[in-house]
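Before any comments, here is the structure.
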Protein chains: 2
Amino acid sequence: MSGRLYVIGTGPGNPEQMTAETLAAIDAATDFVGYGPYLDRLRLRPDQLCHVSDNREELGRAGAALSMAADGATVCVVSGGDPGVFAMAAAVCEAIDNGPAAWRTVDLIIMPGITAMLAVAAKAGAPLGHDFCAISLSDNLKPWDTIENRLELAARAGFVIALYNPISRARPWQLGKAFELLRDHLPTTTPVIFGRAAGRPDERIAVQALSNADPSIADMATCVIIGSAETRIVSRPGGLDLVYTPRFMAGGNK
Amino acid sequence: MSGRLYVIGTGPGNPEQMTAETLAAIDAATDFVGYGPYLDRLRLRPDQLCHVSDNREELGRAGAALSMAADGATVCVVSGGDPGVFAMAAAVCEAIDNGPAAWRTVDLIIMPGITAMLAVAAKAGAPLGHDFCAISLSDNLKPWDTIENRLELAARAGFVIALYNPISRARPWQLGKAFELLRDHLPTTTPVIFGRAAGRPDERIAVQALSNADPSIADMATCVIIGSAETRIVSRPGGLDLVYTPRFMAGGNK
């Protein structure tokens, strides 16, 4: 008898930013599969089992979860943020695509969550108020040339750009290189938002101009949002500056 | 004495997809400002006041909310989806940018929500598992030439493309034109997901190939997600096909 596989996201880390349906899935599951720090965010009962894995073994983790579900368990695969954005939902689909036929009959329920760029944007104002894109800066996942090409086309298109996985010990120079490339296409005053751990006690939000944006501010828990030429800053006495991208561009029908 | 202004999103319409912090903001507010159908999604107490407005008067609505908050009320501006994505957060920031000084001192708290593309993606599989962009197809907001240019650059960049506001009575031809344009840049088999009212009782999810994608399936409550050349379909016996975009592209470092 086939069981059920939930794929959920914890949001950026503040438990108040999880949805009711995600909390209900956590309550219903018997087995939890995920990277340790994400599992640590859940408040589980003693009868609920954790199967902790390393952050890099996504496909193996997805397969283990599908095997347990195919055997009848109610399994919960846990991502940070939204499971569909640079996270476990794609790994689960890929495992089903390449796995045994039994995995295709597992009752698969993927639940949306608050992805980092939305949480960071809410803290900063409304930088994603107009067209935008999300790019993972990890060249483990794709060639660096592809990333450079995407950054250039995104800037030329006028997209606000949200960068996931901006930096890590193994990838120290990529974010600086991305800023350098974008300086050729965007105004020097373009706001760059560094949003670290949005909504968590160790949250840190900083806004710098592209001309002197400092990549060393970012770490693995940071989502970086780079404005478009339309993005504006509103200064507020005693408060953080607001960064927003207007809904309208000159030349629309209204 | 200045009050507080919450800017929240209801998510795509399923109340189980709202976060705990958003529900707490709704509980705390005295006055609610928004488009009627979004306000109707909330379960308010008799002592909580609704200020209903038309969908198009976003800036006026934002100003009315800021005025009440500046006078000391606890006000909640209500969007569908995430308030930061093509919604009220940008209108509130714009009103502050152009309004009286008192509005800059209002305690402004913007809360992220589940935006339509995340809810639709979760229903379909993991189409946003790799780099993607979000474009509003409304040429009320920007010139149509700009939209065409963005679609072309997004396709050339290899982004999965989420289209918001794909169609309306006043904008009947734009979605068909967008498909036509994208057929010049993407494989004929590229999956197109029509996600209507994801998570609501009247939800309808359909997947078609780009070569014969039918724009008349979409309505104002639909988010359309167009795959990239990498996006794959996994057929499942007795279940909806899964659509996903793999995390890896050939040529990465791992």
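Looking only at segment B:19-60, count how many residues are farther than 24 Å from B:Gly72 by Cβ and in contact with a Leu (Cβ under 9 Å, 6 or more places away or on another chain).
Of the residues in segment B:19-60, the ones farther than 24 Å from B:Gly72 by Cβ are B:19-20, B:35-38, B:40-41, B:43, B:54-56.
Those left that are additionally in contact with a Leu (Cβ under 9 Å, 6 or more places away or on another chain): B:20.
Count: 1.
Among the residues of segment B:159-218, what is the count of those that are assigned to a strand (DSSP E or B) and either in contact with a strand residue (DSSP E or B) (Cβ under 6 Å, 6 or more places away or on another chain) or among the hydrophobic types (A, V, I, L, M, F, W, C) (or both)? I'd like the intermediate steps shown before the answer.
The initial filter retains those residues of segment B:159-218 that are assigned to a strand (DSSP E or B), namely B:160-164, B:168, B:171, B:191-196, B:204-209.
Subset that is either in contact with a strand residue (DSSP E or B) (Cβ under 6 Å, 6 or more places away or on another chain) or among the hydrophobic types (A, V, I, L, M, F, W, C) (or both): B:160-164, B:191-196, B:204-209.
The total comes to 17.
Filter segment B:74-98 down to residues that are surrounded by fewer than 18 Cβ atoms within 10 Å (Cβ to Cβ) and more than 7 Å from every other protein chain (Cβ to nearest Cβ), then give me how many there are. Outline the logic, then answer.
If we filter segment B:74-98 for residues that are surrounded by fewer than 18 Cβ atoms within 10 Å (Cβ to Cβ), which is where we start, we get B:74, B:97-98.
Still in the running and more than 7 Å from every other protein chain (Cβ to nearest Cβ): B:74, B:98.
Qualifying residue count for the region: 2.
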**OP:** Select from segment A:210-254 the residues that are in contact with an Asp or Glu (Cβ under 7 Å, 6 or more places away or on another chain) and of a type in the set (S, T, N, Q) and write down the one among them that is modelled with the highest pLDDT.
**Re:** A:Thr245
Original post:
Out of all the residues in segment B:99-128, which are over 18 Å from the mean Cα position of the chain (by Cα), at the interface with another protein chain (Cβ under 8 Å from one of its Cβ atoms) and β-branched (Val, Ile, Thr)?
Top reply: B:Thr105
Original post:
From the residues in segment B:241-254 that are within 7 Å of chain A (Cβ to nearest Cβ) and in contact (Cβ under 8 Å) with a residue 40 or more places away in the chain, which one is most open to solvent (accessible area, probe 1.4 Å)?
Top reply: B:Met249
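Report whether or not A:Lys177 is at pLDDT 95 or above, over 17 Å from A:Pro12 (Cα atoms) and open to solvent by 60 Å² or more (accessible area, probe 1.4 Å).
Details: at pLDDT 95 or above: yes; over 17 Å from A:Pro12 (Cα atoms): yes; open to solvent by 60 Å² or more (accessible area, probe 1.4 Å): yes.
It is true that A:Lys177 is at pLDDT 95 or above, over 17 Å from A:Pro12 (Cα atoms) and open to solvent by 60 Å² or more (accessible area, probe 1.4 Å).
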**OP:** Could you figure out which of (1) within 26 Å of B:Phe248 (Cβ to Cβ); (2) buried (at least 23 other Cβ atoms within 10 Å of the Cβ); (3) not acidic (Asp, Glu) isn't true of A:Pro127?
**Re:** (1)
Original post:
Do we find a residue being within 13 Å of another protein chain (Cβ to nearest Cβ), charged (D, E, K, R) and under 29 Å from B:Glu58 (Cβ atoms) anywhere in segment A:167-180?
Top reply: no
Original post:
B:Gly34 passes all but one of (1) more than 25 Å from A:Ile233 (Cβ to Cβ); (2) open to solvent by 10 Å² or more (accessible area, probe 1.4 Å); which number fails?
Top reply: (2)
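Just checking, how many residues over segment A:198-240 are within 14 Å of chain B (Cβ to nearest Cβ), closer than 14 Å to A:Gly13 by Cα and hydrophobic (A, V, I, L, M, F, W, C)?
Of the residues in segment A:198-240, the ones within 14 Å of chain B (Cβ to nearest Cβ) are A:198-200, A:203, A:205, A:207, A:223, A:225-240.
Of the ones still in play, those that are also closer than 14 Å to A:Gly13 by Cα are A:198-200, A:203, A:223.
Restricting the remaining residues to those that are hydrophobic (A, V, I, L, M, F, W, C) gives A:198, A:223.
Matching residues across segment A:198-240 total 2.
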**OP:** Inspect all residues belonging to segment B:152-173 and state whether any of them is buried (at least 20 other Cβ atoms within 10 Å of the Cβ) and of a type in the set (Phe, Trp, Tyr).
**Re:** yes
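The values are calculated or read from the model by the stated rules, or taken from the named source; none is laboratory data. What you see is a predicted model; the values in this text were computed from it and never measured. FYI the Cβ positions are ideal-geometry reconstructions off the backbone, even for glycines, and counts take in every protein chain you see. These area figures cover heavy atoms from the full protein model, side chains too; ligands, DNA and RNA do not enter into them. Shrake-Rupley method; radii C 1.70, N 1.55, O 1.52, S 1.80 Å.
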